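One structure below.
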Ligand SMILES: Cc1cc2nc3c(=O)[nH]c(=O)nc-3n(C[C@H](O)[C@H](O)[C@H](O)COP(=O)(O)OP(=O)(O)OC[C@H]3O[C@@H](n4cnc5c(N)ncnc54)[C@H](O)[C@@H]3O)c2cc1C
């Protein structure tokens, strides 16, 4: 087969998709207006979050929103001046929180998340990245038994959708992770979670494997899809004119909506902005990925005792200036978990999670068009779902019958 596929966007989703298309025998051109993996895929928390099967819009979360919004530095912030622009997305988000809808969305997320490790394993082996893939599981911390008891119904629902977990008491928690402060009394351990030391280096490793395997990378901004009637025939670029192709995958993260608009498709993408603090000299030896349930942030153990603190959601336009206080507050929160650490050579970062209001990504062909595919809207789960997205699209483009029904993830569902 010598099908030529252009993938627009070299974030982790586009890279993993391009690599798998190439491995399946396609001729693949990956386009990015900048360097590969320098946008949202650069600074995420590095987790393969396979237990996150419950969509964000669910009644438990909605009940907590008013309290969160009263605290400008809490886990969720809304820049009020952007409210008119965000309102349609927020209304759809609330509509997705009806119990029957939540049940269906949970099933659809679980169908993707249940195959993440199987989809990643061959890709990571092929790219020679096994040494970076830490399969140590994750610990979600709770201050006391009451806090854990309040979370158990959600954990029970996760178990019903195939997520294996067990609760740890304080003694077991101390054995698992001696670096944790004593006032964390219990936790839930998910053994199937894994993480990478550095998500940027990981994405670059996949990119290098793509290029080594004969994939082509072109640094150029895509300005439009080139259409011949209903069929795509290539991509118009700023620096290289028209590039022809048999199929095009749009994987531009939060910037994908311009191509949907061009084809009159409604794709309600907004940015759930998130922040990180990276502390390369923290000097804390952690083995597990740590989630703090009450504060909605996570700790990624990095190489050599470094830490990355990441999380928080800020609803604002993707181009709004960052509010760095949202990164700095993570430091005090983390000290309450792992004690004091060095902030030497600390860096802060903000990224745009590309989010659709029902929490499901858009993976699949655009209805009514031929050869146009979308791989976007992965929100909090882009690193986690990149290999699965690439595997499904490769099946769709090369074999026509994907191993999973893609209807729930259709880019045309809105
Ligand atoms: C603080 C934080 C923590 C996170 N933690 C995790 C985590 O632990 N696990 C997880 O799974 N996910 C996590 N995420 C989410 C994850 O980072 C994103 O879902 C993922 O990076 C999205 O990848 P992407 O490839 O879709 O988009 P991006 O990485 O943003 O890539 C899009 C690419 O498209 C290019 N592009 C855009 N427009 C054009 C154009 N017109 N022409 C050419 N190129 C174009 C851009 O230059 C960019 O390189 C986190 C996010 C944040 C912010």
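Out of all the residues in segment 56-69, is one or more in a loop (DSSP other than H, G, I, E, B), modelled with pLDDT under 95 and within 17 Å of the chain's Cα centre (by Cα)? Among the residues of segment 56-69, at least one is in a loop (DSSP other than H, G, I, E, B), modelled with pLDDT under 95 and within 17 Å of the chain's Cα centre (by Cα), which makes the answer yes.
Inspect segment 381-402 for any residue being assigned to a strand (DSSP E or B) and at pLDDT 95 or above and give the result as yes or no. Walk me through it before giving the result.
First pass over segment 381-402, keeping only residues assigned to a strand (DSSP E or B): none.
Taking every residue of segment 381-402 in turn, none turns out to be assigned to a strand (DSSP E or B) and at pLDDT 95 or above.
Counting just the residues of segment 261-275 that are touching a helix residue (DSSP H, G or I) at 6+ places or on another chain (Cβ under 9 Å) and under 30 Å from residue 226 (Cβ atoms), which one comes out farthest from the ligand (Cβ to nearest atom)?
266
Across segment 359-378, the qualifying residues are those that are buried (at least 24 other Cβ atoms within 10 Å of the Cβ) and over 16 Å from residue 8 (Cα atoms), and the one among them that is farthest from the ligand (Cβ to nearest atom) is 359.
Listed residues 148, 141; which is in a strand (DSSP E or B), surrounded by 15 or more Cβ atoms within 10 Å (Cβ to Cβ) and more than 21 Å from the chain's Cα centre (by Cα)? It would help to see each step written out before you state the result.
On the way: 148 fails: in a strand (DSSP E or B).
So the residue among 148, 141 that is in a strand (DSSP E or B), surrounded by 15 or more Cβ atoms within 10 Å (Cβ to Cβ) and more than 21 Å from the chain's Cα centre (by Cα) is 141.
Counting only strands (runs of 3 or more DSSP E) that sit completely within segment 199-245, those holding 2 or more residues that are within 13 Å of residue 32 (Cβ to Cβ) and either modelled with pLDDT of 95 or more or within 25 Å of the chain's Cα centre (by Cα) (or both) correspond to 216-219, 231-237.
Once segment 347-358 is narrowed to residues that are touching a strand residue (DSSP E or B) at 6+ places or on another chain (Cβ under 9 Å) and more than 12 Å from the ligand (Cβ to nearest atom), the residue that is farthest from residue 329 (Cα to Cα) is 357. Scanning segment 241-261 for residues that are in contact (Cβ under 8 Å) with a residue 12 or more places away in the chain and out of contact with any strand residue (DSSP E or B) (no Cβ under 6 Å at 6 or more places or on another chain) yields 255, 257, 260. Residues in segment 306-324 that are closer than 30 Å to residue 183 by Cα and more than 15 Å from the ligand (Cβ to nearest atom): 306 alone. Scan segment 276-288 and give yes if some residue there is within 9 Å of the ligand (Cβ to nearest atom) and touching a helix residue (DSSP H, G or I) at 6+ places or on another chain (Cβ under 7 Å), otherwise no. Checking segment 276-288: at least one residue is within 9 Å of the ligand (Cβ to nearest atom) and touching a helix residue (DSSP H, G or I) at 6+ places or on another chain (Cβ under 7 Å).
Can you tell me which of (1) under 30 Å from residue 319 (Cβ atoms); (2) outside any helix (DSSP H, G or I); (3) under 21 Å from the mean Cα position of the chain (by Cα); (4) more than 8 Å from the ligand (Cβ to nearest atom) is the one residue 34 doesn't meet? Only one criterion in (1) under 30 Å from residue 319 (Cβ atoms); (2) outside any helix (DSSP H, G or I); (3) under 21 Å from the mean Cα position of the chain (by Cα); (4) more than 8 Å from the ligand (Cβ to nearest atom) is unmet by residue 34, namely (4). List the number of the failed condition for residue 93; all other conditions in (1) within 15 Å of the ligand (Cβ to nearest atom); (2) within 19 Å of the chain's Cα centre (by Cα); (3) crowded, with 21+ Cβ neighbours inside 10 Å hold. Among (1) within 15 Å of the ligand (Cβ to nearest atom); (2) within 19 Å of the chain's Cα centre (by Cα); (3) crowded, with 21+ Cβ neighbours inside 10 Å, residue 93 violates only (1).
The values are calculated or read from the model by the stated rules, or taken from the named source; none is laboratory data. In this text, all values refer to a predicted model and were calculated from it rather than measured experimentally. No Cβ is skipped: glycine too gets one built from the backbone with ideal geometry, and neighbour counts run over all protein chains shown.
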